[in-house]
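Trainee: Below you'll find the structure I mean.
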Amino acid sequence: MQSIIKAEGVTKRFRQPKRYSGLAGSIKGLLSREFTEVRAVEDISFAIGAGEAVGYLGPNGAGKSTMIKMMTGILVPTNGSLAVLGRTPHAERMTNAREIGVVFGQRSQLWWDLPVRDSFDLHRRIYDIPERRYRDNLEHLCAMLGMDAYLDRPVRQLSLGQRMRAEIAMALLHDPKILFLDEPTIGLDVVAKDAVRKFLSEVNRERGVTIILTTHDLQDIEEICPRLIMVDDGKLLFDGELKRLRSALGARRRLTLDFATDPGPITLSTARLVSDDGASKHFLIENEETSLVDVLTELGNGHGLKDVALDEPDIEEVIRTFYQQRPVLVPQ
Amino acid sequence: MVATLRVLPFLVHMHVRSMMEYRGGMILGWVAMAFSYASVYTAIALIVLRFEQIGGWNWAEVALLLAFHLLGYSLGASFSFVQFRVMEDLVQRGNFDTLLVKPISPWAYIAFSGFNIGYVGHVVLAVGLMGWALSQTAVEWTLGLALYLLGALASSAMITAAILTMVGATALVWVRSRHLYWIYFGFWELARYPLNIFPAVIQAVMVTVMPLAFMSYVPVAVLLGKQVPLLGASAGPLALLAGPVTVLVAMAYWRFCMRNYQGAGG
């Protein structure tokens, strides 16, 4: 597969004036010429092929947004080389911008007081989209995202979910080859998240748009991106298929068994007991092959089981687990 | 480039439509601004009429100076002041990033998407005052002098837009830059009076590092045939050159700040 994004040893450091604590420290800071260097991205290399959907995952401050900003030409890498569609993004920012779409989950690109359609019209002019292509794309995107009902409403009157759909549609109006999304589902309710995920997955599958997505939400990755790049503290932790990560870490699902009364100590081979609150017992299922049915079969009848809850590990837990098992998982 | 030029009028159109969503507030703003200028000009008029002259300039000449100052400022500030005053907010909230992912000059986008129609009131006031002031002065009009006046006015607008752009651009590197407007408006106030009433140091600053003397005093003095301190006979051409030169400096500074833009995190 042809690489359309290639990062080799990309590093981004920010130079910040040294800060001191307390009021005296603030005054000292005014006079001080000392600086500290913040390493936001540290020697990261990867290649992304045309048509891929890649989740860029990591906790707050991991360097996700900084990497997106470098790929979109907003920031200049301190070291290393970065090519997007064969160009250096910051050096050819305008040309690069014509072939990419960018959605910021927490920053709107729509005009707040005007109908959505007006922002789209401005986008058409900025990107010089031929009238016919614009109309076809708008019609198609409206149908896919169900936007007809609010296309002529001022942006300020839209719900967050409607607005996010409009933001994504706008980013696709000029047929970009790559769509960058920085936390597109942040703050959305379950229904809106689902709609956005389904749409992005469809856009990737049917229109062949390469998707690079940063998120905290593992479900975004699961539904949209077969490939995962995981970072923390600016460093690359994992680059590979989500399946591979799950096979290594997915075993750590949390199982809670609630009984009518305390059945006493329970030991299972399919799940490890991690805490016992009497009538409520918490297990970890460490083998991905083990299903809930396997556990319940082993448990058998006669314990007065009242309720069962199985929780997938959240992103923080995956990363924590990843850290613990890191030497095993670092890609070769 | 041509595509960008086609977009700019539409950006103004979008901004005007946005403003029209809050007509009441917009009209109140105009009224408040009219009162503000009226009170300042009344105070200056009272001083000049009381002492008959200020630095050798009578009230009609000072009125011409004020009108030129206001007109040059309004034309330049309509493309820059309100827009670049919020630059530090754009940087702090990350909204400047959203401009950098569009195939358009971020300066052009900011300047035209915030084109301030509120300055229409300033322009009407300035043109009216200028008309009255010119009728009271004995300027011998020629085509060359009329063209000079228009050129000097364009230069004055360029100085305003360029300096306000530079103050805004500073936010790209320092994140906060709004306090610099205090310095600008300090000299802007001084530029409402004949330059020769100030000490030599201030005169020197206002024709070099903060060239606001070229906004109104220098061209109006040339128009009225008055001696210009420090510049002498070169005052006329320098008033025409000051605008383009300040714009070139502002362009270089804008590029420098863009190269050093780090965002504000997040």
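The values are calculated or read from the model by the stated rules, or taken from the named source; none is laboratory data. What you are looking at is a predicted structure, and each value in this text was computed from that prediction instead of being measured. All Cβ positions, even for glycine, are placed from backbone atoms using ideal geometry, and neighbour counts span all protein chains on display. Surface areas here come from the heavy atoms of the whole protein model, side chains and all, with no ligands, DNA or RNA. Shrake-Rupley method; radii C 1.70, N 1.55, O 1.52, S 1.80 Å.
Trainee: What does the helix-only formula give at 222 nm for the protein assembly as shown: each DSSP H stretch with n ≥ 4 adding -39500 (n - 2.57), the total divided by the residues, and the result rounded to the nearest 500 deg cm²/dmol?
Mentor: Counting only the DSSP helices, I get -16500 deg cm²/dmol.
Trainee: Turning to a different aspect of this structure: Considering only DSSP beta bridges with both partners in chain A, what is the antiparallel share in %, to the nearest 5?
Mentor: 70
Trainee: Now for a different question. With the cut-off at 20 Å, tell me which of the pairs A:K69/A:K235; A:K69/A:K243; A:K6/A:K198 have Cα atoms farther apart than that.
Mentor: Check vs 20 Å cut-off fails for A:K69/A:K243; A:K6/A:K198.
Trainee: I've got another one for you. What trypsin sites (Lys or Arg not before Pro) does the range A:12-115 have in DSSP loop regions with at most 11 other beta carbons within 10 Å?
Mentor: Sparse-neighbourhood loop trypsin sites (Lys or Arg not before Pro): A:R33.
Trainee: Still on this structure, I have one more. What nm value, rounded to one decimal, do you get for the distance between A:K18 and A:A91 when each label is placed 7 Å out toward the C-beta?
Mentor: Calculated label separation equals 3.6 nm.
Trainee: Oh, and also: In nm, to one decimal, how far is the modelled label at B:W182 from the one at A:T261, with both set 7 Å along Cα→Cβ?
Mentor: Reported label-point gap for B:W182 and A:T261 is 7.6 nm.
Trainee: Let me ask you something else. Please tell me the relative contact order of the range B:48-164 in percent, rounded to the nearest whole number, where contacts are Cα pairs under 8 Å and at least six residues apart.
Mentor: This gives 47 percent for the range B:48-164.
Trainee: Going 7 Å from the Cα of B:I117 along its beta-carbon direction, which residues of the range B:30-45 have the amide nitrogen within less than 17 Å of the resulting point?
Mentor: B:30-31
Trainee: Pull up all non-local amide H partners of A:A53: gap of 5 or more, or a different chain, and H-to-H distance under 5 Å with H placed in the peptide plane.
Mentor: The answer is A:I211, A:R227.
Trainee: Quote the relative contact order of chain B in percent (integer), defining contacts as alpha-carbon pairs under 8 Å separated by 6+ residues.
Mentor: 26
Trainee: I've got another one for you. Given a 1.4 Å probe and the protein chains all in place, what does the accessible area of A:E99 round to, in Å² to the nearest 10?
Mentor: Taking all protein chains as shown, A:E99 has close to 40 Å².
Trainee: Which value, in Å to one decimal place, does the Kirkwood hydrodynamic radius take for the range A:251-311 when every pair of different Cα atoms is included?
Mentor: 11.4
Trainee: Note down the nm distance, to one decimal, between modelled labels 7 Å out along Cα→Cβ at B:R6 and at B:S234.
Mentor: So the label points at B:R6 and B:S234 sit 4.5 nm apart.
Trainee: Please give the FRET efficiency for A:V190 paired with B:V124, using the beta carbon to beta carbon distance and R0 = 45 Å, rounded to the nearest 0.05.
Mentor: Result of the calculation: an efficiency of 0.25.
Trainee: Please list 3J(HN,Hα) in residue order for the range A:269-279, calculated via the Karplus relation 6.51 cos²θ - 1.76 cosθ + 1.60 where θ = phi - 60°; whole Hz, with x for glycine and proline.
Mentor: Karplus-based 3J(HN,Hα) across the range A:269-279 equals 8, 8, 8, 9, 5, 10, 7, 10, 9, x, 6 Hz.
Trainee: Which of A:A271, A:A260, A:A62 moves the most in a Gaussian network model of chain A with Cα springs under 10 Å?
Mentor: It is A:A260.
Trainee: While we're on this one: Where does each of B:K102, A:K235 land when they are ordered by accessible area, with a 1.4 Å probe and the largest first?
Mentor: Accessible-area ranking of B:K102, A:K235, largest first: A:K235, B:K102.
Trainee: Now, a different point. What ranking do B:132-143, A:72-83, B:155-166 get when scored by the average of other Cβ atoms within 10 Å per residue, highest first?
Mentor: Most protected by this proxy first, the peptides run B:155-166, A:72-83, B:132-143.
Trainee: Using just the Cα positions, wrap chain B in a convex hull and report its mean projected area in square nanometres, one decimal place.
Mentor: 15.3
Trainee: Let me ask something else about it. Count the net charge of all other residues whose Cβ sits under 10 Å from the Cβ of B:S177, scoring Lys and Arg as +1 and Asp and Glu as -1.
Mentor: Around B:S177, the surrounding residues sum to +2.
Trainee: Please express the Cα-Cα pair-distance distribution P(r) of the protein assembly as shown as a list of whole percents, one per 10 Å bin, running from 0 to the bin with the greatest distance.
Mentor: Going from the shortest bin to the longest, the percentages are 3, 14, 20, 19, 16, 12, 8, 4, 2, 1, 0, 0.
Trainee: If you don't mind, another one. Less than 9 Å Cβ to Cβ from A:I4, Lys/Arg counted +1 and Asp/Glu -1: what total charge do the surrounding residues give?
Mentor: +1
Trainee: Computing the accessible area with a 1.4 Å probe over protein heavy atoms, can you report the carbon and sulfur percentage for the protein assembly as shown?
Mentor: Carbon with sulfur: 58 percent of the solvent-accessible area.
Trainee: Over the range A:50-243, with the other protein chains present, what is the accessible area per residue in square angstrom, probe 1.4 angstrom?
Mentor: That works out to 36 Å² for each residue.
Trainee: OK, next. List the aspartates and glutamates whose Cα lies under 20 Å from the Cα of A:K28, skipping any in the same chain that are fewer than 8 positions away.
Mentor: Hits, sequence-local ones excluded: A:E37.
Trainee: Still on this structure: Chain pair A, B: how much accessible area is buried, both chains summed, with a 1.4 Å probe, in Å² to 100?
Mentor: Rounded to the nearest hundred, the buried surface is 2800 Å².
Trainee: Which residues among the range A:98-136 fall inside the zone where the amide N is under 14 Å from a point 7 Å beyond the Cα of A:D175, along Cα→Cβ?
Mentor: A:99-100, A:128-136
Trainee: State in Å² the accessible area per residue of the range B:223-266; use a 1.4 Å probe, count heavy atoms of protein chains only, and round to the nearest integer.
Mentor: 55
Trainee: What ranking do B:41-47, B:108-114 get when scored by the average of other Cβ atoms within 10 Å per residue, highest first?
Mentor: The packing order, highest mean first, is B:108-114, B:41-47.
Trainee: Taking K and R as +1 and D and E as -1, what net charge do the other residues with C-beta under 14 Å from the C-beta of A:E202 add up to?
Mentor: Around A:E202, the surrounding residues sum to +2.
Trainee: So how much slack lies between A:H140 and A:I27, counting 0.36 nm per residue of separation and subtracting their Cα-Cα distance, in nm?
Mentor: Gain in length upon complete extension: 34.9 nm.
Trainee: If you don't mind, there's one more thing I want to ask. Percent relative contact order of chain A, based on C-alpha pairs within less than 8 angstrom and at least six residues apart?
Mentor: Relative contact order comes out at 18 percent.
Trainee: A follow-up question, please. Determine the distance separating the Cα centre of the range A:70-108 from the Cα centre of the range B:60-98; give it in Å without decimals.
Mentor: 31
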